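Read-outs: derived from the displayed coordinates by stated rules, not from any lab. Note that the structure is predicted; figures quoted are calculated from it, not measured. Heads up, the Cβs are rebuilt from the backbone with ideal geometry, glycines too, and the neighbour counts pull from every protein chain shown.
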Amino acid sequence: MNNINRRDFVKMMGAAGAATTGAILLPFEAYAGANGHVVVVGGGTGGATCANYLTRWAPNAKVTLIEKDSKYSTCFFSNEVIMGMATMDSITYGYDGLKKRGVNVVHDTVTGIDTGGKKVITGSGSISYDILVLSPGITFDHSTVDGSSDAVAEQMPHAWKAGPQTSLLAKQIAGMRQGGLLIIAPPENPFRCPPGPYERAALALAHFKEHNPTAQVVILDAKEKHSKQGAFREGWTRVYGGEATAEGNFEGPNLKWIKGSNGGKVVEVDGATNTVITEDGEEHKGDVVNYIPKQVAGAICKDAGLVNATGWCDVDLDFKSKVCDIVFVIGDASVASPMPKSGHSASSQAKNVAATIAAQMAGEEAPPWTGSNTCYSFISEKYGISVVAIYAVKDGKRVKVKGAGGVAFKGKSLRHHAKEAKYARGWYKGITSDMFG
Ligand SMILES: Cc1cc2nc3c(=O)[nH]c(=O)nc-3n(C[C@H](O)[C@H](O)[C@H](O)COP(=O)(O)OP(=O)(O)OC[C@H]3O[C@@H](n4cnc5c(N)ncnc54)[C@H](O)[C@@H]3O)c2cc1C
């Protein structure tokens, strides 16, 4: 599937569709005004939001959401859970709100996509669709680090999909010996939530300050620079002490950040001994190791032949797959650059796609595409930082709008950062209400 071009793929799928149904596969516009069936795969940030907004904007459509789990825990605010500042219950949601809105919620695992026959194959059968939206998030790619596997995550929790992994890392942090070492090992770009590991480190410092004051945090980074680096450094310095070193690392009384070329890049992990080995041959043994593996689009995207050579799904400006333009791909699984892989991006893409589908069903022109991302991070429970960006289409490209947005930190008072923390909690209420009604 990866080796054929998009036109051939669509032609082939059209032929397959005609062969199985006796009908000619029609473009989206053919559904204008019809009561089509939109199937959304993945009831996380992108999928739940898209299903929710379709019930508002395309009231004649039948909307089915297929999600494998009966509950969803948000990754946003899961770092607070890990550091004992919030409970799993406070970040966990069911699907009753969406059901009340008229979404047909099916708890099943999608195991295949038959684009020609326009149906998804699930563990218990198949579901036909007129329009398909995929938002399956990420899966882990263990191919670049020796010893990396899903099994290793049981000893060295990544906690990069909220749920049992979050609880496991929380338990390990709470039980860490006094003066112990927490290693956080983030992967290369691109990955889900680029600022997440550095917020996790900051909240670990806040937790340890109170419960384990001699504990140390070491971030072994595969990268040379990281998201919101200036903002995090300013926050770390002001709240916990420390500064950048001449070699380009960061060093504080309880925190070290080591960049990839200075020995930060992890090349091997051993779950049995809680050890990671970096490119320079150094062995680092932690009391708790939060090794975050490299990521690619949710497995179903690869199985359906929708991924590029790097494992992510290329999409057009309207988020239709570049491989198959009868499927939308949103959220972390898509290549939406310059938008980051964040919940806010997924939510913004979901609303755009819901609007596009609603317009097409009504026989109207889709509204112009605009996107946004706001990403709050906590430096402590009390202080936050944020980055905001607005996106639009210019000269056929998705671009960041100059002068709109920015990073909220430099030289601002702690009172300002206390407000940012409050806004972050407001943002959380908004995004989860957009997801679950
Ligand atoms: C620690 C951490 C902190 C974060 N903090 C923030 C933040 O502050 N702000 C922010 O904007 N973003 C944040 N994020 C990022 C955010 O969580 C993700 O970017 C967002 O959830 C992506 O949405 P999605 O719909 O692509 O994937 P998900 O939300 O992961 O949803 C995917 C869903 O698809 C389901 N699924 C997958 N495959 C199948 C299948 N085959 N069949 C059926 N169901 C399937 C999964 O069960 C899952 O429910 C954070 C992430 C982490 C790890």
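Quick notes
- The ellipsoid that matches the Cα gyration tensor of region 27-185 has semi-axes, each √(5λ) in whole angstrom, of 37, 19, 11, with the longest given first.
- In terms of overall dimensions, the C-alpha atoms belonging to region 200-341 reach 56, 35, 31 Å along their principal axes, ordered largest to smallest.
- In percent, rounded to a whole number, the relative contact order of the chain is 20, using alpha-carbon pairs under 8 Å and six or more apart.
- Other residues with beta-carbon under 15 Å from the beta-carbon of residue 347 carry, at +1 per Lys or Arg and -1 per Asp or Glu, a net charge of +3.
- What the Cβ-Cβ distance of residue 273 and residue 362 gives, at R0 = 41 Å and to the nearest 0.05, is a FRET efficiency of 0.10.
- Helix 343-361 and the longest principal axis of the Cα set of the chain meet at an angle near 10°.
- Sites residue 124 and residue 246 - FRET efficiency at Förster radius 60 Å, r taken between beta-carbons, to 0.05: 0.50
- Reference-scaled alpha-carbon Rg (2.2 N^0.38 Å with N residues) for region 137-222: 1.11
- Residue range of the chain that is longest and free of GluC sites (Glu not before Pro) which are both DSSP loop and sparsely packed (at most 16 other C-beta within 10 Å): 1-187
- Once the Cα gyration tensor of region 283-437 is diagonalised, semi-axes √(5λ) in Å: 30, 23, 15
- Taken along its principal axes, the alpha carbon cloud of region 81-138 reaches lengths of 49, 28, 20 Å, longest axis first.
- Cα gyration tensor, the chain - rounded (a/c under 1.5), prolate or oblate: prolate
- Expressed in Å, the radius of gyration and Dmax of the Cα atoms of region 248-329 are 18.8, 54.
- 12 Å beta-carbon shell around residue 235, net charge (K/R +1, D/E -1): +3
- Backbone N under 12 Å from the residue 69 label point (7 Å along Cα→Cβ), restricted to region 150-165: 159-165
- Helix content alone sets the calculated 222 nm mean residue ellipticity of the chain: runs of n ≥ 4 DSSP H residues at -39500 (n - 2.57) each, divided across all residues, give -9000 deg cm²/dmol.
- Of the trypsin sites (Lys or Arg not before Pro) in region 377-437, the ones in a loop by DSSP (not H, G, I, E or B) with at most 16 other beta carbons within 10 Å are 382, 410, 412.
- The orientation-averaged projection of the convex hull spanning the C-alpha atoms of region 373-432 amounts to 4.9 square nanometres.
- Label sites at residue 150 and residue 100, each approximated as a point 7 angstrom past Cα along Cα to Cβ, lie 3.5 nm apart.
- Using 0.36 nm per residue and subtracting the Cα-Cα separation, the extra length available between residue 392 and residue 109 on full extension is 98.5 nm.
- When 401, 335 are arranged by Cβ crowding within 10 Å, least crowded first, meaning fewest neighbours, the order is 401, 335.
- Measuring against 19 Å, Cα to Cα, the residue pairs 225/294; 400/422; 118/302 contain 400/422 as the ones spanning a longer distance.
- Residue among 108, 89, 316 with the largest mean-square fluctuation in a Gaussian network model of the chain, springs linking Cα atoms under 10 Å: 89
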